[in-house]
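Working notes, structure below.
The values are calculated or read from the model by the stated rules, or taken from the named source; none is laboratory data. In this text the structure is predicted, and so the values were computed from the model without any measurement. FYI the Cβ positions are ideal-geometry reconstructions off the backbone, even for glycines, and counts take in every protein chain you see. Surface accessibility is based on the protein's heavy atoms, side chains included, excluding ligands, DNA and RNA. Shrake-Rupley method; radii C 1.70, N 1.55, O 1.52, S 1.80 Å.
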Amino acid sequence: PQPPQPQPQPQPPPKGLPEPPPPGSAPAAATLPPGWSVEQRTTSSERTYAIYHSPAGLRAASLTDAWRKHDAEAEAEALTLNWLDRLPPRRLKPLCEEKGLPVSGNSEALARRLRESGGLSVSQLKALCEAEGLVKQGTKAEIARRLRDKLRREAGATAAPEAACATAAPEAASSPSASASGKGTKQSHDASSFREALAAEAAAAVVPEAEGLRLHLSSRSDNRTGYVGVFARGPRFEVSHRRVYLGHFDTAVEAAVAYARAVGEAAVATTAEVPTAVAATAEEAPPMPQKDEVCTAWLDLISAAESARAAARAAARRAGGR
C-alpha cells in the first residue's frame with residue numbers, strides 16, 4: 001500500500017497585508033478608508049456584491065476604487081484651502097500683500113480673501129511649509145495636504161487637554177464599563193462630526209468668481225467639482241471647452257478659470273467675425289439703384305409697351321383695309 005500523501009497546508013498571507021475575508025462575508029471594517037461604510041446587496045440570481053459609501057456621498061464598486069476615491073477626495077479637499085482659517089494673521093498678511101489684497105481683519109477674513117482671489121500658488125505654499133517647519137518638496141496637492149494635516153494635529157492636541165478636564169469628574173465617578181461606553185460614544189460622535197465638517201468644506205469650496213472672471217457653476221449631480229467643463233482626474237482636474245482639451249490643473253478653481261477664459265475668447269472671436277462678414281458682403285454686392293432710376297425704368301418700359309400695342313393695331317387696320 002502507498003503511504004498517505006501529506007495534505008497541502010494553506011499559505012499565510014504576505015506579511016503586512018490583511019487576511020482576506022471568507023467568501024460571502026462583509027469586508028473587514030479595518031480595511032475600509034476612514035469614514036467609509038460597506039453595504040451588502042443581492043441580485044435576483046442570488047449573487048451577493050458589496051457597495052462602498054463615503055461620508056460625502058461617493059460610491060465605489062471595489063475596495064481599491066474606494067481607497068482611490070478617498071485619496072483623491074482628500075487631496076481635493078486640501079486644495080480648497082479651507083484650513084487657512086487655522087493659521088495666525090501674521091502668516092496670512094504677507095500672502096494678502098503679495099496678491100494686493102487688504103490686510104485688515106482676523107484669520108477668517110484674510111483666508112476668505114485669499115480663497116476668493118484664486119487660492120495660493122506653489123511658491124506661496126512652499127513658503128508656508130518653510131515657516132511651519134515642514135518639508136516643502138512635492139506636488140501642490142501634497143504640500144497643501146501636509147499643511148492641513150499639521151494644523152489638524154495641532155488643533156486636536158489643543159482640544160485634547162480641554163476635553164480631558166471636562167470629562168475627568170464624570171469618569172472618576174462612573175464605573176470602568178460605563179467609562180468605556182462613554183468613550184466609545186464620544187469617539188463615534190467625533191467621527192460623525194468630522195465627516196459632517198468634510199462634507200461642509202467640500203460644499204463651500206465652490207466660488208462664483210476668481211481672478212476677475214465669473215466662473216460657470218454646474219448643477220449636475222455627477223460633477224463633484226461644481227464647475228462646468230471641469231472633472232476630477234485622480235489628484236488633478238481636467239478641463240475642456242466644446243470638446244477642446246484645455247489642460248490639467250492642481251485645483252478646480254484654476255481649471256474653472258481656464259474654462260471661463262476659453263468661453264470669453266470664443267465670444268470675442270464670434271463678435272469680431274460677424275461685422276467682418278457683413279462688411280465683406282456689402283463690398284461684394286452691386287450698388288442698389290436709386291428711387292428715380294427705378295421710376296424712369298418703369299416709365300420707359302410702359303412707353304415701349306404702348307408703342308408696340310399701337311403699332312400692332314395699325315398693322316391690323318391696314319391688313320383689314322386691303
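Values as computed for the structure displayed
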{"item": "Sole residue being more than 15 Å from Lys140 (Cβ to Cβ) and either among the acidic types (Asp, Glu) or exposed (fewer than 15 other Cβ atoms within 10 Å of the Cβ) (or both), chosen from Gly247, Gly212, Gly229", "result": "Gly212"}
{"item": "Extreme residue, modelled with the highest pLDDT, among residues of the stretch 124-136 that are assigned to a helix (DSSP H, G or I) and open to solvent by 70 Å² or more (accessible area, probe 1.4 Å)", "result": "Lys126"}
{"item": "The stretch 261-280 residues that are under 19 Å from Arg214 (Cα atoms), paired with ones that are among the charged types (D, E, K, R) and at pLDDT 80 or above (beta carbon under 9 Å, 6 or more apart)", "result": "Arg261/Glu211; Ala262/Arg242; Ala266/Arg242"}
{"item": "Unmet requirement for Arg86, which otherwise passes all of (1) surrounded by 14 or more Cβ atoms within 10 Å (Cβ to Cβ); (2) touching a residue at least 24 places away in the same chain (Cβ under 8 Å); (3) within 24 Å of Ala255 (Cα to Cα)", "result": "(3)"}
{"item": "Failed condition for Glu98, given (1) closer than 27 Å to Ala127 by Cα; (2) acidic (Asp, Glu); (3) open to solvent by 80 Å² or more (accessible area, probe 1.4 Å); (4) at pLDDT below 80", "result": "(4)"}
{"item": "When residues of the stretch 108-123 are limited to those that are polar (S, T, N, Q) and at pLDDT below 85, the one least open to solvent (accessible area, probe 1.4 Å)", "result": "Ser117"}
{"item": "Residue pairs meeting the criteria (Cβ under 6 Å; at least 6 apart or on separate chains; first within 17 Å of Leu87 (Cβ to Cβ) and among the β-branched types (Val, Ile, Thr), in the stretch 133-146; second open to solvent by less than 70 Å² (accessible area, probe 1.4 Å) and part of a helix (DSSP H, G or I))", "result": "Ile143/Leu125; Ile143/Cys129"}
{"item": "Some residue of the stretch 269-290 being open to solvent by 50 Å² or more (accessible area, probe 1.4 Å), at pLDDT 80 or above and aliphatic (A, V, I, L, M)", "result": "no"}
